[in-house]
1. Accessible area per residue of segment 286-369 at 1.4 Å probe, in Å²?
2. Would you tell me the accessible area of His358, worked out with a 1.4 angstrom probe on the heavy atoms of the protein chains, in Å² to the nearest 10?
3. Largest first, what is the accessible-area ranking of Ile45, Ile290, Ile140, Ile170 with a 1.4 Å probe?
4. Carbon-plus-sulfur fraction of the accessible area of segment 197-258, 1.4 Å probe, in percent?
5. Give me the accessible area per residue for segment 131-229, probe 1.4 Å, as a whole number in Å².
6. Stokes-Einstein at 10 °C, 1.306 mPa s, Kirkwood radius from Cα pairs: D for segment 381-429 in µm² s⁻¹?
7. Over segment 358-435, with every protein chain in place, what whole percent of the accessible area is carbon and sulfur at 1.4 Å, could you tell me?
8. At a probe size of 1.4 Å, how large is the accessible area of Thr413, to the nearest 10 Å²?
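The values are calculated or read from the model by the stated rules, or taken from the named source; none is laboratory data. This is a predicted model, so every value here is computed, not measured. Methodologically, a virtual Cβ is constructed for each residue, glycine included, from the backbone with ideal geometry; neighbour enumeration extends over all protein chains shown. SASA here: full protein model, heavy atoms, side chains in, ligands and nucleic acids out. Shrake-Rupley method; radii C 1.70, N 1.55, O 1.52, S 1.80 Å.
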Amino acid sequence: RPPEDEEEEVEVGWQEKLFSQFEVDLYLNESACQTPLDWQYHEEIQKLEKSGGRKNSRIFTYTDHDRFTNLEELCQKVTDSDHEVPSYLVERMANVRRRRQDRRPLEASSLKSKIITWEPSEEFIKNNHVINTPVQTMYIMGDLGPYGKLGHREYENVLCTIKVDGNGVITVKPDFTGTEGAYQIEVDGEKREVWEYTIENASAQVKPEEEEREQRVFRDLYARHRDYLSGLVGSDFEMPLPGTLRLFITGEIVSAQGYEYDNLYVHFFLELPDQWSSAPFQQLSGVTQICATKTVGWEKVAYFCYPFTLEMFYTQEDEDSLPQWPVLYFEVLSLDFWQRYRVEGYGSLVLPTSPGVHMLTIPTWRPVGLGPVAEMRRFFIGGSPELEDLTYIRIPSTFKGKRLSRFGFRTQTTGSVTFRLCCLQQSKAFLENSALRQRMQSVLDRLGGFSQQSSVYSVLEAFQRARRRMQEARESLPQDLITTSASAV
């Protein structure tokens, strides 16, 4: 072969059209030109022929509007199987092409008035059905046919694919040739020739002054966009008073599982301890809808997905006391065909002390009467022993003594209820600097890190339990053993 056929180097610009021998032979024939793009290529090839022919031999390109680009995107496979059959979704989505569209900027008034398109056209559905960034594509091709037989479609191979999306991200596949060496393509033929090619970035490097100017423009643009967003949001946020904590909870009763009867519903209410308050319009109780159960595994589960919101305020009065947290009481009931209801279980939930998302599954119990008559009444005519005061689940609100005895109160374990709670906390104490928080001057300062508060609670509870066990063990020992050990010491 002549030396010029063994090696070829071409510098290609973005969306620069380099014709192949096949395209030259095709578009020179006027009968093959059908679209305006075909006639444009026909005129460009005629000018090239008059100026001495094309400069490239084997390397050519397909731009964004060529037929090859459309067919290549249409014929893309999901797997590498040769026997892949396109699914219905693939066939339907093949027509949704990611392309730049000349959209006029919408004014604010028109944008607000066209939030919903009542009669969308097919083109509108194609362009908006898939949230996808429009891209421009370009293929750098290589005609790897035998010497003297250029222009056959079967010898065309994709050397490089370049895509630029609407966000300005450039994707080059395969990547620029680095230290790994040249890429290889083996051609199927009599001689099984192997071609090697490299891809290099020939773009001019940006000068430091231009790069700094560009970064400055981006910073100004981002600053203006931030001011625009802040103008939309506004700054009229209600801040709690000093010494006050605002607790906002968006909750959901997700499901109830493991109960005896069907058609469940949940009644709940929130108890606010001392120093806690809520707005007059805030509802602190609620009832879910009646939900039929479905069998999941070995349990019957009722999915409520019942949302509720709670907003409350804590006002600090004593800096040395730890605040009591609000408690959510709830009861699970069932309703049958004859409108008879039964109590399925009672439970309580202390609201989480740390902000964030919490998934909590609370077990429940129900009272059990003495003898079989109570259970027979529950089965045949409905009704069951109930709590007159739901706060008896934990510590009744009317209890003022030191010891609460539940001796003789019979209960039975039932199912459980799952809650999803999203907790937000707001306080001016959180805005103080880290030095003030480290000094731990008040209870509200400790509210910024509830992990410390919870650890204090756990340490105190563990200390009380250990102290009670030690006292019980000491009381159970004989007195002579205690005196003997004391004298020995």
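1. 50
2. 40
3. Most to least solvent-accessible, the answer reads Ile170, Ile290, Ile140, Ile45.
4. C and S fraction of accessible area: 54 percent.
5. About 75 Å² of surface per residue is accessible.
6. Rounded to a whole number, D works out at 103 µm²/s.
7. The nonpolar share, carbon plus sulfur, comes to 58 percent.
8. Result for Thr413: roughly 110 Å² accessible.
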